[in-house]
Amino acid sequence: MKRFLIYTAKIVLITVLIAFLLDGIYTYAFMQSNERGKIEQVFNSKAKKYDVVILGSSRANNHFVAQMFEDKGLKTFNYGMSGGHLFEASLMLKLMIERKYEIKNVILEADLNLSNDHQAEGISARFLPYIHNSEIIKDHFSNESDFNELYYVPFYRYIKYDSKIGFREFFFISVGKKTNAQDNLGYYPLQKHKNGNMKNNIVNLTPLNRNKYYEEIKNICKEHHINFIPVMTPICENTVGMNYFDKVKKIYPEIHNYENVVVEDKYFSSCGHMSDAGAKIFTARILRDFFTKK
């Protein structure tokens with residue numbers, strides 16, 4: 001029995017040591033990466049200066065043509081993240097502030113994502129390699145139900161989110177393989193498809209009376225003297241439940257409603273996402289309304 005217990009203890013000890021070792025190796029790789037995605041680009045960067053930073057979900061990523069801002073002399077990057085929520089948008093802005101970014105304007109896509117204040121696990125996981133190297137990230141995740149496992153159990157986060165930050169991502173970082181996440185100044189253009197879904201139903205969506213992460217972004221901008229421009233972006237005309245946008249406007253009157261600026265199906269790749277042609281029309285309107293001297 002004694003020999004069995006000693007053997008078991010050795011196995012446990014070796015397993016823990018291997019977990020610590022792998023955790024360190026993976027984390028080191030992520031700490032050297034800045035060409036795979038937007039999160040590591042910000043985390044591993046130093047102070048930058050931007051006239052315009054764009055935040056939000058795919059409805060930011062696919063709707064704001066960053067180059068059109070640049071053409072107007074505005075240093076811009078689209079940090080919208082497909083699949084992301086305001087949880088991740090707030091954390092991105094916090095990291096920028098921590099890295100002493102100088103930002104004049106933040107455009108926040110705030111519409112459908114106001115209906116929840118939880119993390120988008122597939123996106124938030126990409127912050128986790130840095131959780132031991134940033135108090136900002138640690139604090140942001142501190143109220144999550146699995147925080148203790150993520151923070152204190154070595155290698156746990158890499159196993160749980162293997163599809164996002166596991167071996168495949170570690171390998172691609174190690175061999176220097178880039179993604180297209182940072183192409184086009186962060187903007188991801190979509191094309192019009194014949195079979196694109198042009199129907200949507202948002203009847204069951206309800207904007208929260210106080211979205212924690214929206215309020216965080218607004219307060220950060222106020223504290224750091226950043227011009228805050230929250231907007232609702234276009235959605236196709238066949239959407240059921242369009243009064244959602246009226247509800248948002250009632251709760252958050254400061255949010256600018258652009259949901260009906262582009263409505264024709266020919267400008268959409270799918271009901272919730274404009275094509276490149278639609279995005280250019282929409283971006284031109286934003287530039288005219290907010291960045292043209294009157």
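Sorting check: for 152-165, 67-80, which peptide has the highest mean count of neighbouring beta carbons within 10 Å, and how do the rest follow? Please report the intermediate quantities before stating the final value.
Working: 152-165: 17.4, 67-80: 19.1.
Packing proxy ranking, top to bottom: 67-80, 152-165.
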Report task. Using every pair of alpha-carbon atoms in segment 64-171, split the distances into 5 Å bins beginning at 0 and state the percent of pairs per bin, rounded to integers. Result -> 2, 10, 19, 20, 19, 14, 9, 5, 2, 0
Query raised in the report: What are the residues whose amide H is under 5 Å from the amide H of Glu102, where those residues sit 5 or more places off or on another chain and H is modelled from the backbone?
Result: Lys48, Lys49, Tyr50
Requested in this report: Please identify, among His193, His118, His85, the residue showing maximal mean-square fluctuation in a Gaussian network model of the chain using a 10 angstrom Cα cutoff.
Outcome: His193
Report summary line: Residue separation between Val12 and Asn238 times 0.36 nm, minus their alpha-carbon distance, gives in nm 75.6 nm
Report task. State the Cα centre-to-centre distance between segment 178-232 and segment 1-59 in whole Å. Result -> 27 Å
Report task. In a Gaussian network model over the chain where Cα atoms closer than 10 Å are linked, find which of Lys100, Lys212, Lys177 has the largest mean-square fluctuation. Result -> Lys177
Query raised in the report: Long-range amide H contacts for Asn257: which residues qualify at under 5 Å (H placed 1.01 Å from N, peptide plane, sequence gap of 5 or more or a different chain)?
Result: Met232
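Could you tell me what percent of the accessible area of the chain is made up of carbon and sulfur, with a 1.4 Å probe and every protein chain present?
Details: 7990 of 14840 Å².
Of all accessible area on the chain, carbon and sulfur atoms account for 54 percent.
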Query raised in the report: In debye, nearest 20: dipole of the chain around its Cα centre with unit charges on the Cβ of K, R (+) and D, E (-)?
Result: 440 debye
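Need the full-extension length gain, Lys199 to Asn180, defined as separation in residues times 0.36 nm minus the C-alpha distance. One decimal, nm. Intermediate results must be reported in sequence, preceding the final value.
Working: separation 19, 0.36 × 19 = 6.84 nm, distance 2.84 nm.
Once the chain is fully extended between Lys199 and Asn180, it gains 4.0 nm.
Among residues other than Arg168 whose Cβ falls under 12 Å from its Cβ, what is the net charge (Lys/Arg +1, Asp/Glu -1)? Could you put the intermediate results ahead of the total?
Numbers: positive: Arg36, Lys164, Lys177; negative: Asp162, Glu169.
Residues near Arg168 contribute +1 overall.
Once you compute Rg and the Kirkwood Rh from C-alpha atoms, what is the Rg to Rh ratio for the chain? Before the final figure, lay out the partial values.
Numbers: Rg = 21.2 Å, Rh = 20.5 Å.
Computed over Cα atoms, the ratio is 1.03.
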Report task. Find out how many positive minus negative residues lie around Arg59, taking Lys and Arg as positive, Asp and Glu as negative, among other residues whose Cβ is under 12 Å from that of Arg59. Result -> -3
Report task. Enter the accessible area per residue of the chain (Å², integer; probe 1.4 Å; all protein chains in place). Result -> 50 Å²
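Of the listed pairs Lys10/Lys138; Lys75/Lys280; Lys49/Lys138; Lys46/Lys160, which have alpha-carbon separations greater than 22 Å here? Could the numbers behind the result be given before it?
Numbers: Lys10/Lys138 32 Å; Lys75/Lys280 17 Å; Lys49/Lys138 25 Å; Lys46/Lys160 30 Å.
The answer is Lys10/Lys138; Lys49/Lys138; Lys46/Lys160.
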Query raised in the report: When the chain is modelled as a GNM with alpha-carbon springs shorter than 10 Å, which of Glu144, Glu40, Glu88 fluctuates the most?
Result: Glu144
**Report entry** Karplus 3J(HN,Hα) series, Hz, for segment 186-191 with 6.51 cos²θ - 1.76 cosθ + 1.60 (x for Gly, Pro)
**Finding:** x, 7, 10, x, 10, 9
Query raised in the report: Taking only DSSP H segments of four or more residues, each worth -39500 (n - 2.57), what value at 222 nm results for the chain once the sum is divided by all its residues, to the nearest 500 deg cm²/dmol?
Result: -12500 deg cm²/dmol
Report task. Return the sequence-ordered ³J(HN,Hα) values of segment 236-242 in whole Hz as given by the Karplus equation 6.51 cos²θ - 1.76 cosθ + 1.60 applied to θ = phi - 60°, using x for Gly and Pro. Result -> 5, 6, 8, 6, 8, x, 5
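The values are calculated or read from the model by the stated rules, or taken from the named source; none is laboratory data. None of the values given here were measured: they were computed from a predicted structure. For neighbour counting, all protein chains shown are included, and Cβ atoms are generated from backbone atoms with ideal geometry for every residue, glycine included. What goes into the accessible areas is simple: the full protein's heavy atoms, side chains included, and nothing from ligands, DNA or RNA. Shrake-Rupley method; radii C 1.70, N 1.55, O 1.52, S 1.80 Å.
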